[in-house]
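Please read the structure below before turning to the comments.
The values are calculated or read from the model by the stated rules, or taken from the named source; none is laboratory data. This structure is a prediction, so every number in the text was calculated from the model and none was measured. Positions of Cβ are generated from backbone atoms using ideal geometry, with glycine treated the same way; all protein chains shown enter the neighbour counts. Remember, those area values only see protein heavy atoms, side chains included, never the ligands or the DNA or RNA. Shrake-Rupley method; radii C 1.70, N 1.55, O 1.52, S 1.80 Å.
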Amino acid sequence: MEQRKLGSGGPSIGAIGLGCMGMSWGYAEGQRNDDTSVRVIAEALDLGVTFLDTSDVYGDGHNERLLGRALAGRRDEVVLATKCGLVVDDLATRAMHRDGRPEHVRAAVEASLGRLDTDVIDLLYLHRVDPEVPLADTWGAMADLVAAGTVRRLGLSEVSIAQAAEAHRQHPVAAIQSELSLWTRGPLGRPGDELEGLPGAENLVGWCAENDVTFVPFSPLGRGFLSGAYVSPDQFEESDFRRTNARFQDEALAANARIVDVVRTVATRHGATPAQVAIAWTLAQGEHVVPIPGTKNSRYLKENTDAAAIRLSEADLAELDAVPDPVGSRY
């Protein structure tokens, strides 16, 4: 697989990583099978995937324990990313609150190290900025962990350019993670996809390129929508958050099908699947972009990783860039 860099002076990683959240919560939780997930993670490594993404809140620690088990004997083959700064209040409803206090950061990372069964976290993200705690305090506590050797690099998730710049001045930001896909283009400066509490759409992807920061798109398949597989919210089990998400309701799905139609047209020209074209589009946004599609299925894992070989033409990109904005909010 093509290699890309993690931040300035960082290690090389496969151009497509693996988001592991769905193995524990959020999507089709009734289909969760830890043995299958362990096997899929091993297959990902065999396919050249070297960048794995988790968080302490995914399943309230379950996802980190799963990765700790899956990476036994293979830890040195991957760059392992996890997150701190969110706390689960109710596992069933996935209710959470933010906690950026330095003492929480230290305790959270110690707990993550134990669950991951590792001595060091390769990339530690601040999952969300806590508005009640100065970012400098939270980021300073994370930087202290780098100095102590328990964390190698730091990242941010769902932040503004101002927040990214503030943190970067204090300690280098290696990566910024945010949702980016053909139906969520806010990080490219496209209006309409702002996250609550953040300013209007900003070209965060461009800021990352200018500052040698890796941009990590999560949900590059639009939470599965861009695969073309979903036509009704009834396809999702009760625990799947997409069942009540605005973009997946009947009227919105019908309108948003126009986006998939364009993706499917481009895919046909390349002998590829819509999912592969959607991932290839994120890769085409810059050499510093490393998407992390998630799956717990071997077939889709292979399909996703093969997207690294697709080269979209300027005409393809222009056609894809012209797709309409989606109907419905992303949360």
TODO: Evaluate the range 289-296: report whether one residue or more is assigned to a helix (DSSP H, G or I), in contact (Cβ under 8 Å) with a residue 12 or more places away in the chain, buried (at least 20 other Cβ atoms within 10 Å of the Cβ) and small (Gly, Ala, Ser).
DONE: no
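Residues checked against (1) at pLDDT 95 or above; (2) farther than 18 Å from LEU52 by Cα:
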position: ASP240; (1), (2): no, yes
position: ARG264; (1), (2): yes, yes
position: TRP281; (1), (2): yes, yes
position: GLU287; (1), (2): yes, yes
position: LEU301; (1), (2): yes, no
position: ALA307; (1), (2): yes, no
TODO: Tell me, yes or no, whether the range 246-259 has at least one residue that is modelled with pLDDT under 95 and part of a loop (DSSP other than H, G, I, E, B).
DONE: yes
Open item on the list: Please determine whether any residue of the range 50-69 is open to solvent by 30 Å² or more (accessible area, probe 1.4 Å) and closer than 24 Å to THR138 by Cβ.
Closed with: yes
Open item on the list: Which condition from (1) surrounded by 14 or more Cβ atoms within 10 Å (Cβ to Cβ); (2) outside any helix (DSSP H, G or I) is the one that VAL277 breaks?
Closed with: (2)
Task: Boolean, GLN170 is more than 18 Å from the chain's Cα centre (by Cα), buried (at least 16 other Cβ atoms within 10 Å of the Cβ) and within 24 Å of GLY10 (Cα to Cα) - done: no
Open item on the list: Within the range 155-163, does at least one residue satisfy the condition of being among the polar types (S, T, N, Q), open to solvent by less than 40 Å² (accessible area, probe 1.4 Å), closer than 30 Å to GLY73 by Cβ and at pLDDT 95 or above?
Closed with: yes
- [ ] Among the candidates ASP46, ASP56, ASP89, single out the residue that is of a type in the set (Asp, Glu) and under 21 Å from ARG152 (Cα atoms).
- [x] ASP56
- [ ] Would you check if there is a residue in the range 14-29 being at pLDDT 95 or above and surrounded by fewer than 17 Cβ atoms within 10 Å (Cβ to Cβ)?
- [x] no
Task: Members of the range 202-218 found to be open to solvent by 20 Å² or more (accessible area, probe 1.4 Å) and either among the polar types (S, T, N, Q) or closer than 22 Å to MET23 by Cα (or both), listed by number - done: ASN203, ASN211, PHE218
Task: Search result, residues across the range 227-240 that are of a type outside the set (Asp, Glu) and closer than 16 Å to THR295 by Cα - done: SER227, GLY228, ALA229, TYR230, PHE236
Task: Pairs with Cβ under 7 Å, 6+ apart, first in the range 119-133 and closer than 7 Å to LYS83 by Cβ, second assigned to a loop (DSSP other than H, G, I, E, B) and hydroxyl-bearing (Ser, Thr, Tyr) - done: HIS127/SER55
TODO: Please enumerate the residues belonging to the range 106-138 that are within 30 Å of SER239 (Cα to Cα), in a helix (DSSP H, G or I) and open to solvent by less than 20 Å² (accessible area, probe 1.4 Å).
DONE: ALA108, VAL109, SER112, LEU116
